[in-house]
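Comments concern the structure below.
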Amino acid sequence: MNTVAIHESSIVPRRVQFRHLLLPIDGSELSLKAFGKGLELAKAFGAKVLILHAVPPFNSVAFVSEILAAAELNFSQHALASASRYLDEAKALAVEAGVPCECHYAFGEQPHNAILEAAREHRCDLIVMATHGWRGMDRLMLGSEAQKVILDSTIPVLVCR
């Protein structure tokens, strides 16, 4: 009779351990709820977090350039002020939770690309983000950044609603 030795580690799955979570925020109540869940996970894993706010660019038509240039500058200044406010609030929550964090913002036409690039650049191993749960025409017109992240991500994505 042949005996087969089975190593315990081949039967019992290794515990998943995330070390660096990416927590994108857009300032909405839903994104802050997902951010809170991400902080809870980070604390449980002893992980650090990267907080990211993707700033959409000012979209304009090419004509009436002087008026649009002034509007774009005003938009950019307002967007940066909002990004700073969102990130400062999120950082305060992370510090309060005892979770090490880093904050970044990125300009980009497509927020999902900024999220994926940040995950690659900072070697994150989990993305925790919100979905707005749009359906029908809203989803068709506005798209789903969470869905785009899920489809293109090489790391796990936890979507909260």
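Only the coordinates and a few stated rules stand behind these numbers; no lab work does. It should be emphasised that the depicted structure is a prediction, and the values quoted were computed from it without experimental measurement. Cβ sites come from the backbone with ideal geometry, for glycine too, and all protein chains shown count toward neighbours.
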Quickly rank 91-103, 18-30, 113-125 as a protection proxy: mean count of other C-beta atoms within 10 Å, highest first.
18-30, 113-125, 91-103
Based on the mean of other beta carbon atoms within 10 Å per residue, what is the order of 44-56, 148-160, most packed first?
44-56, 148-160
